[in-house]
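Have a look at the structure below, then the notes.
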Ligand SMILES: [Zn+2]
């Protein structure tokens, strides 16, 4: 078997020695019943004897998500299909990055020590994590990660506003333009969406349609809400009901409409411009076609 090309130490700009020629990634897996999964690192490993996350080096042909789930499978027997990504946080040291993938179990899984890198795997209640002897980098990251555990991003997309933000002839076929937008959005819950340099999200997507686009059908990864009155009021109502049902989640409304932005901000949501969303979608679709070709 070929040695994975990510294996190896590198020195970052701060002069630390780190594992992973293309960076490293770890899986912060939370389970509503049991807490988070920690790995007690074998004494002979780098920073051995401390508690940290299952994970390891990213290979050149892998995403951080692929690497973290592969390592969790190899080290802890966590099947990839039992895990759903919610978000990721990347710390850039200059020349080396570490990405923490925040994920949730979708069914009960047992964690089993599978190789010599771990002495023990343990589900730890969230409020006890800080009492463990943690790996120094994980200890520094924990306060940043803790409030994001189990938190989802829900994107509420103002369909008419986003479709109307680009003069691509949408006015000749409004239902068709809404369907195209819906199909573009459908990739997000699996591909993820980088919103800042540090944070990416695997969002739930709610598309609000109105007028001639009202008959748009939902698809597997996109919920569609058809506005019975004006679209803006439906969006505000949608945000309000999501806030009540899922108070821990982030709700972001995609619209350029200034008045609507103010109304949803008052309801506790944030907002994002259509061009930011479309730019991220196109970049991703361009990226994946390069990978395939
Ligand atoms: Zn460093």
Exercise. Which number in (1) within 19 Å of residue 136 (Cα to Cα); (2) outside any strand (DSSP E or B) marks the one condition that residue 7 misses?
Worked result: (1)
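When you check residue 47 against the structure, is it within 16 Å of the ligand (Cβ to nearest atom) and out of contact with any helix residue (DSSP H, G or I) (no Cβ under 8 Å at 6 or more places or on another chain), yes or no? It would help to see each step written out before you state the result.
Working: within 16 Å of the ligand (Cβ to nearest atom): yes; out of contact with any helix residue (DSSP H, G or I) (no Cβ under 8 Å at 6 or more places or on another chain): no.
Answer is no for this residue.
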Problem set entry | Single residue of 252, 238 found to be surrounded by 15 or more Cβ atoms within 10 Å (Cβ to Cβ) and under 21 Å from the mean Cα position of the chain (by Cα) | 252
Problem set entry | Residues that are over 22 Å from residue 89 (Cβ atoms) and either more than 16 Å from the ligand (Cβ to nearest atom) or under 27 Å from the mean Cα position of the chain (by Cα) (or both), drawn from segment 10-33 | 33
Exercise. Any residue in segment 68-84 that is modelled with pLDDT under 95, out of contact with any strand residue (DSSP E or B) (no Cβ under 9 Å at 6 or more places or on another chain) and within 16 Å of the ligand (Cβ to nearest atom)?
Worked result: no
Exercise. Can you spot a residue in segment 155-166 that is over 21 Å from residue 245 (Cα atoms) and at pLDDT below 95?
Worked result: yes
Exercise. When only residues in segment 85-111 that are over 14 Å from the mean Cα position of the chain (by Cα) and within 16 Å of the ligand (Cβ to nearest atom) count, which is nearest to residue 36 (Cα to Cα)?
Worked result: 98
Exercise. Right, residue 126: over 18 Å from residue 58 (Cβ atoms) and without any contact (Cβ under 8 Å) to a residue 60 or more places away in the chain or not?
Worked result: no
Exercise. Which of the residues belonging to segment 189-202 are in contact with a strand residue (DSSP E or B) (Cβ under 8 Å, 6 or more places away or on another chain), surrounded by fewer than 23 Cβ atoms within 10 Å (Cβ to Cβ) and under 13 Å from residue 252 (Cβ atoms)?
Worked result: 195, 199
Exercise. Out of curiosity, is residue 277 in contact with a strand residue (DSSP E or B) (Cβ under 7 Å, 6 or more places away or on another chain) and at pLDDT 95 or above?
Worked result: no
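The values are calculated or read from the model by the stated rules, or taken from the named source; none is laboratory data. Everything quoted here is computed from the prediction, not taken from an experiment. Here Cβ is always computed from backbone atoms with ideal geometry, including for glycine, and neighbour counts include all displayed protein chains.
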